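Enquirer: One structure, as structure tokens, below. Some questions next.
The values are calculated or read from the model by the stated rules, or taken from the named source; none is laboratory data. Bear in mind that the values here come from a model prediction, so they are computed numbers and not experimental data. Here the Cβ positions follow ideal geometry from the backbone for every residue, glycine too, while neighbour counts run over all protein chains shown. To get the accessible areas, we keep the full protein, side chains included, count just its heavy atoms, and leave off ligands, DNA and RNA. Shrake-Rupley method; radii C 1.70, N 1.55, O 1.52, S 1.80 Å.
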Amino acid sequence: MTYYRWGIVMRLIVFGATGGVGQHFVRMALEQGHEVTAFVRTPEKLKIKDGINIIVGDAFDATAVANAIPGHDAVISCVGSSTGTKKSNELETMGRNIADGMEAANVKRLVYCASAGVDKEIPGFMGKLMMMLLANPLKDHRAALDYYLSKNLTYSIARPLGLKDEELSTSYKESFTGVPAKSFSIARASVAHFMLKTLTDSKYENTSVGLAK
């Protein structure tokens, strides 16, 4: 980690960098002057390629993941499942590979994009319906998180409500317990903003935060 007069420049590796949240995170991290590595299967999907280190690999490949992590200050996981709402263990498998790679490289800082409902915390009829519809991906996220939490990591977990392709708003709501009331969505850009913010504010260490606009 390099210290300059105007702040801290971190070496960040982003898994899921070509996804909706991941693309925003990469752009924002670069704008803040951080050193960014994108671990991707399909680098042509990256909207920004200048100024970043690209590692072509598959997060299902434990060896490739373990080889990519050393030398970084923090790991950012924006990975998603390719199976939609079907039963899957993709998130758990990738999470295990990343967690094991962090442990082997002695990298302690993790920021993970999960989903609201992963703690069965969305109240009301609509909340129960949403969690029922998303039961399979939520179970997969939960398994990944449980494995991360079994390691000696300093973590920040984002639990966004429904993700939207909307303009960045920095006035989103945060809830350290449950989810923010009276909203069922948030911009992907806002989630990325929150994830980047957690790296420089100690109040987000070892927390799980519900997010909504």
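Enquirer: Any idea how many residues of region 85-106 are in contact (Cβ under 8 Å) with a residue 12 or more places away in the chain and open to solvent by 10 Å² or more (accessible area, probe 1.4 Å)?
Expert: Qualifying residue count for the region: 15.
Enquirer: If you don't mind, there's one more thing I want to ask. Which residue out of 138, 163 is open to solvent by less than 60 Å² (accessible area, probe 1.4 Å) and either over 23 Å from residue 200 (Cβ atoms) or over 17 Å from the mean Cα position of the chain (by Cα) (or both)?
Expert: 138
Enquirer: Separate question: Kindly establish whether residue 41 is open to solvent by 70 Å² or more (accessible area, probe 1.4 Å) and under 15 Å from the mean Cα position of the chain (by Cα).
Expert: no
Enquirer: What residue, among those in region 192-213 that are charged (D, E, K, R) and part of a loop (DSSP other than H, G, I, E, B), is least open to solvent (accessible area, probe 1.4 Å)?
Expert: Checked region 192-213; the qualifying residue least open to solvent (accessible area, probe 1.4 Å) is 201.
Enquirer: Still on this structure, I have one more. From the residues in region 172-187 that are at pLDDT 95 or above and open to solvent by 50 Å² or more (accessible area, probe 1.4 Å), which one is farthest from residue 117 (Cα to Cα)?
Expert: Checked region 172-187; the qualifying residue farthest from residue 117 (Cα to Cα) is 173.
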